[in-house]
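Okay, structure first, notes after.
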Amino acid sequence: MPKNVNQKQAVISLETKKAFCQYKLEHPDYLANRFIKIFNLKDKKEMFSKINNALGKWMLGALATNCILTGKILQMKALKFAEKFSEENNFKASDSWLEKFKKRHNLHHIKIHDEANSALLENLPEK
């Protein structure tokens, strides 16, 4: 069994799988997004794309002004964006969504100690 099996997968009936394979054989030039529309499947990349894009832009602006962002802040802001996009009404801002968002945007957990942010790099020892 593969190590990374924790991803959720859609359950597709055997008939749909057969039809999908037959259609792919008959139309080899079709792209995956065309098959997704034809067989009424959900594209994972499109799920909550408006919320993710809006939060990504907001986050870049916040980081540009040296704001400290926590996971809870990102989740709360994402929920605010979800209220504005009514078509994405299933959004929960779960911890797993947050981890995936942070991974997509290459965010890391950095612990800031008291005055560490105020030290000038020129004044730090080289060793």
Suppose each label sits 7 Å from its Cα in the direction of the beta carbon; what would the Ile68-His109 distance come out to in nanometres? 1.5
Simple spin-label estimate for Ala19/Lys92, 7 Å along Cα→Cβ, in nm, reads 3.0
Determine the sum of side-chain charges near Glu26: Lys and Arg each +1, Asp and Glu each -1, restricted to other residues whose C-beta is under 14 angstrom from that of Glu26. +2
For the stretch 73-83, Karplus-derived ³J(HN,Hα) couplings (6.51, -1.76, 1.60; θ = phi - 60°; whole Hz; x for glycine and proline) come out as 5, 4, 5, 5, 5, 4, 5, 5, 5, 4, 5
Tally Lys/Arg at +1 and Asp/Glu at -1 over every other residue whose Cβ is under 12 Å from the Cβ of Ala82; what's the total? +2
Rounded if a/c is under 1.5, else prolate if a/b beats b/c, else oblate: with a ≥ b ≥ c from the C-alpha gyration tensor eigenvalues square-rooted, which is the stretch 52-112? prolate
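Read-outs throughout are calculated quantities, based only on the coordinates presented, and are distinct from any laboratory measurement. Small disclaimer: the values here were computed from a predicted structure and weren't measured. Note: ideal-geometry Cβ built from the backbone for every residue, glycine included; neighbour counts use all protein chains shown.
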